[in-house]
Amino acid sequence: MGDKVVLTGSSRPRVALALQGGGAHGAYGWGVLDRLLEADCFDIDAISGTSAGAMNGAMLALGLTEGPEQARALLGRFWNRTVGAATWSPLIPSPVDRLFGNGDLSFSPGYQVLGYMARMMSPSQINPLFNPLEVNPLRDVLSGVLDIKKLNSAEAPKLYVAAVHVTSGRLRIFETPEITLDALLASACLPFMSEPVKIDGAGYWDGGYLANPALSPLVAPIAEGEARDIIVVQVTPFERHEEPRTYTDIVDRISEISCNGALLRELEAIEQHNALIDSGKLDAKTVHRVRLHVISPDESMGRLTASSKLNAERGFVEKLFKLGRRAADHWLERNRLSVGKRSSFKLDQPLLHDATELGKRGFAA
């Protein structure tokens, strides 16, 4: 594990990456990207991201202007700064939470207070009392590592960032060369924790409600004949083996379904597109197949609760990073030779790993 992958042939496959969000669970996506960059076996020319996936995507795109190793370093710098910014956060596991060792915040006093306040007051009511200066730690983190001008340059892979227009309820895709710091913050704006991010006078919320991540911007060039595969880096599992029983389990499952609903619809649309080509109902000479790959989370991620998405403690983030690297390594072993030739993912196959080494190990790093 960790070796660079050498592909034979005259050219390296060109890929687009679709990066799912999920708060602190985005550190799992960071681990996946770190391993893919270490393998250095694909040329990445487009990236779509939402929420934490948008942050990872921005670091990846900017870092790739100087090469894979710089991209790995920049992603690491971003997450280290994120952990540092969370050092004094009240959202830390309680001693009871730590007994389970899965990053849960269910018994955290800070998390309980936040939940109570969110039910009683909106961010616009809370901020004048508790955050009159409108301090946003994520803005400070991004400002310290991100060169917006270079990110929007022709040197960087194309970047697409999803956010929700609050009043219309419609999806907006921000893209280079017009990505701003506010566009990235809008993609990660949680409605019960932050006021909408204002862009040109309009408010925006987290894009995960409508696209997590958006695949459509990546599909259009392929359908027009531009050779490219799509690799989805998924953070939230599609499936559970058991139905939820407790109130917390039900809330967590609803959150998972919400996170994945739009992604499932886009994956189904892509498979229908390919099926129409295979059946001859679409002309393969003018419309091209989309080769699709998904790096899926295993049961270790499936056991995490929704509250752990707010836990940015160093130990938890590092565990997620290691899980992501292992998942990417497992995926590379099985599927890297498919890239550029055929899809390695179909919706009719099992979506949750049952017997991988990762699943047997559980969450422990």
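Coordinate-derived values only; no laboratory data. Computed from a predicted model, the values in this text were never measured in an experiment. Quick reminder, even Gly has a Cβ in these numbers, built from the backbone with ideal geometry, and neighbours come from all protein chains shown.
Once the piece of chain linking Q70 and L347 is laid out straight, how much longer is it, given 0.36 nm per residue of separation minus the C-alpha distance between them?
On the way: separation 277, 0.36 × 277 = 99.72 nm, distance 3.46 nm.
Here the answer is 96.3 nm.
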Seminar exercise, completed: Simple SL model, points at 7 angstrom along Cα→Cβ for W88 and L264; separation in nm is 4.3
Exercise. Label 7 Å along Cα→Cβ of E155; the stretch 36-63 residues with amide nitrogen under 12 Å?
Worked result: 62-63
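Before anything else, pin down the relative contact order of the chain: Cα pairs under 8 Å, at least 6 apart, normalised by residue count, whole percent. Walk me through the numbers before you get to the answer.
Working: 672 pairs, mean separation 89.8, N = 365.
Worked out over the chain, it gives 25 percent.
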For this session: Go from 0 up to the bin containing the longest alpha carbon distance in the stretch 244-315, width 5 Å each, and give me the % of pairs per bin.
Result: 3, 12, 16, 17, 13, 11, 9, 8, 7, 4, 1
Exercise. Using a simple spin-label model with points 7 Å from Cα along the Cα→Cβ vector, what separation in nm is obtained for L337 and I254?
Worked result: 4.7
Exercise. Counting Lys and Arg as +1 and Asp and Glu as -1, what is the net charge of the other residues whose Cβ lies under 10 Å from the Cβ of H293?
Worked result: +2
Exercise. Debye sum, Cα scatterers, the stretch 176-327, no solvent: what log₁₀ I/I(0) at q = 0.10, 0.11, 0.12, 0.18 1/Å?
Worked result: -0.49, -0.59, -0.69, -1.24
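Please get the size of the charge dipole for the stretch 137-279, origin at its Cα centre, with Cβ charges of +1 on Lys and Arg and -1 on Asp and Glu, quoted in debye to the nearest 20. Please list the in-between numbers first.
Numbers: 12 positive and 22 negative charges, 81 e Å.
So the magnitude is around 400 debye.
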Exercise. For the pair E226 and S168, what calculated FRET efficiency results from E = 1/(1 + (r/R0)^6), where r is the Cβ-Cβ distance and R0 = 41 Å, to the nearest 0.05?
Worked result: 0.85
For this session: Report the charge-dipole magnitude of the chain in Debye, nearest 20, computed about the Cα centre from +1 at each Lys and Arg Cβ and -1 at each Asp and Glu Cβ.
Result: 260
Seminar exercise, completed: FRET efficiency for D40 and K322 from the Cβ-Cβ distance with R0 = 22 Å, rounded to 0.05, comes out at 0.65
For this session: Work the Kirkwood hydrodynamic radius out for the chain: mean of 1/r over every pair of different alpha-carbon atoms, inverted, in Å.
Result: 20.9
Problem set entry | Helix axis angle, 68-85 relative to the chain longest principal axis, alpha carbon, degrees | 10
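Restricting to Cα pairs below 8 Å that are 6+ residues apart, what does the relative contact order work out to for the stretch 144-188? Please round to a whole percent. Don't skip to the end; give the middle numbers.
Values: 48 pairs, mean separation 17.8, N = 45.
Across the stretch 144-188, relative contact order equals 39 percent.
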